[in-house]
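The values are calculated or read from the model by the stated rules, or taken from the named source; none is laboratory data. Treat the numbers as computed from the prediction; the structure is a model and nothing was measured. Every residue, glycine among them, receives a Cβ derived from its backbone with ideal geometry; neighbour counts consider all protein chains shown.
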Amino acid sequence: YRGGDLIYINDLNMVGEVVSIGLRSTRILSPDNREVIVPNSLISMNQVVNYSQPDPSLREQIDFLVYGNDFDQLQQLIGETVRGVEGILLEKPVDVIYLSFAGTTMEIRVRWWIKNMDNQFEVRTRVHVALKQALQQAGVDTPDLSFDFNVNKDGT
């Protein structure tokens, strides 16, 4: 990592922008605008995820349940809805995956890409709201609309 990179330090559960790297410590600006000084010895013993390198784009996903039995129609509706959300990278795929079923309940995973983490939560909220509205307008029943959010930079 280098100055300006957005990193996550696993065992410290810390995310932030690298402000400077010194001989003994690294200064990191947290999302709540606090500068945290972390000893390099702690960083060297941790897994560090660099959200800025080599490509700052980020894939996100949500899992949710729906009632129904026509996955093809749901796949089209969900894919078009997510592609229509501001902030989604249209040059990258939007995946709608049928994970499992029980009776008429389907577990669906939707994955999409955003430019970077700068507006991650705003885009996620837009996707959630758009999907909720689209499913309700299409008359698709959901056991609950509590979406499970997962973020994956590594494409898994």
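Miscellaneous remarks
- Only one of the numbered conditions (1) over 24 Å from Ile7 (Cβ atoms); (2) not in a helix (DSSP H, G or I) is not met by Leu74, and that is (2).
- Entirely in the range 1-40, the strands (runs of 3 or more DSSP E) that have 2 or more residues that are exposed (fewer than 15 other Cβ atoms within 10 Å of the Cβ): 14-21, 35-39
- Within the range 99-117, the set of residues being outside any strand (DSSP E or B) and either within 28 Å of Pro56 (Cβ to Cβ) or of a type in the set (Val, Ile, Thr) (or both) comprises Thr104, Lys115, Asn116, Met117.
- Being touching a residue at least 24 places away in the same chain (Cβ under 8 Å) and under 24 Å from the mean Cα position of the chain (by Cα) is a description that does not apply to Arg34.
- Those residues of the range 62-92 which are more than 19 Å from Ala134 (Cβ to Cβ) and surrounded by 13 or more Cβ atoms within 10 Å (Cβ to Cβ), in sequence order: Leu89, Lys92
- Residues of the range 77-93 that are in a helix (DSSP H, G or I) and of a type in the set (A, V, I, L, M): Leu77, Ile78, Val82.
- Flag if Val96 is in a strand (DSSP E or B), at pLDDT 90 or above and in contact with a helix residue (DSSP H, G or I) (Cβ under 6 Å, 6 or more places away or on another chain): yes
- Qualifying residues in the range 93-104 (those that are of a type in the set (Ser, Thr, Tyr) and surrounded by fewer than 12 Cβ atoms within 10 Å (Cβ to Cβ)) - the one nearest to Thr125 (Cα to Cα): Ser100
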